1. If you scan the stretch 1-21, which residues turn out to be closer than 28 Å to residue 63 by Cβ and exposed (fewer than 14 other Cβ atoms within 10 Å of the Cβ)?
2. Name the single residue that is nearest to residue 101 (Cα to Cα) among those in the stretch 32-66 being among the β-branched types (Val, Ile, Thr) and more than 18 Å from the chain's Cα centre (by Cα).
3. Residue check: is residue 31 farther than 16 Å from residue 117 by Cβ, charged (D, E, K, R), at pLDDT 95 or above and part of a helix (DSSP H, G or I)?
4. I'm told residue 75 meets every condition in (1) within 26 Å of residue 121 (Cβ to Cβ); (2) free of Cβ contacts under 8 Å to residues at least 40 places away in the same chain except one. Can you identify the failing condition by its number?
5. Out of all the residues in the stretch 40-67, which are free of Cβ contacts under 8 Å to residues at least 24 places away in the same chain and not β-branched (Val, Ile, Thr)?
6. Please work out which one of (1) within 30 Å of residue 5 (Cα to Cα); (2) surrounded by 12 or more Cβ atoms within 10 Å (Cβ to Cβ) is the condition residue 48 fails and give its number.
7. Contact list please: Cβ distance under 6 Å, first residue in the stretch 15-39 and over 14 Å from residue 70 (Cα atoms), second residue among the charged types (D, E, K, R), pairs at least six apart or on different chains.
Amino acid sequence: MMIIDERKFNILLDALKYIYGIVPIAIGLDKFFFYIVDWNIYVSPLVFSYLPMTIVPHVVPIVGIIEIIAGVIILSKYTRFGAYLVAAWLGVIILNLLTIGGMYDIILRDIAILVGYAAFGFLIELKETARQQ
């Protein structure tokens with residue numbers, strides 16, 4: 001059995017909660033302004049081919065809305081759900097990038113970020129189960 005300083009653990013979780021919550025919100029907002037990058041280059045032509053032409057120009061803003069909502073969920077009392085939601089969303093993004101090809105550096109980075117969100121969700125789960133004991 002390992003004993004963990006609860007205060008330090010809570011500080012760590014709070015820091016992760018704000019970082020993992022604010023980042024998707026910021027990236028989601030940028031889907032409307034394109035200050036960071038032109039996000040359209042990361043949408044696979046395969047994805048576009050399955051969508052009606054009326055939806056295609058709105059794909060990136062829709063993705064932005066999803067990311068903003070996911071970030072808000074992480075900052076809410078549903079942090080664990082939000083962390084697992086973003087991890088799953090990153091899985092979808094990774095699949096999308098694989099269909100584009102040649103973006104392996106971004107795919108590897110996104111895999112590391114996915115693992116971080118999943119680990120964060122697991123840490124929240126550990127805290128919640130520890131409270132019940």
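The values are calculated or read from the model by the stated rules, or taken from the named source; none is laboratory data. Nothing here was measured: the structure is a model prediction, and the numbers come from that model. Cβ placement follows ideal geometry from the backbone for every residue including glycine, while neighbour counts extend to all protein chains displayed.
1. Kept after step one, since they are closer than 28 Å to residue 63 by Cβ, are these residues of the stretch 1-21: 13-21.
Correct list: 14, 15, 18, 19.
2. Pass one, the stretch 32-66, residues among the β-branched types (Val, Ile, Thr): 36-37, 41, 43, 47, 54-56, 59-60, 62-63, 65-66.
Those left that are additionally more than 18 Å from the chain's Cα centre (by Cα): 41, 47, 54-56.
Values: 41: 12, 47: 13, 54: 26, 55: 23, 56: 20 Å.
Looking at the filtered set, the residue picked out is 41.
3. Working: farther than 16 Å from residue 117 by Cβ: yes; charged (D, E, K, R): yes; at pLDDT 95 or above: yes; part of a helix (DSSP H, G or I): yes.
When the stated conditions are applied, residue 31 passes them.
4. Exception for residue 75: condition (2).
5. Here is the first cut: in the stretch 40-67, the residues free of Cβ contacts under 8 Å to residues at least 24 places away in the same chain are 40-41, 48-59, 62.
Once the filter is applied, which keeps residues that are free of Cβ contacts under 8 Å to residues at least 24 places away in the same chain and not β-branched (Val, Ile, Thr), the stretch 40-67 yields 40, 48, 49, 50, 51, 52, 53, 57, 58.
6. (1)
7. Filtered contacts from the stretch 15-39: 36/30; 39/31.
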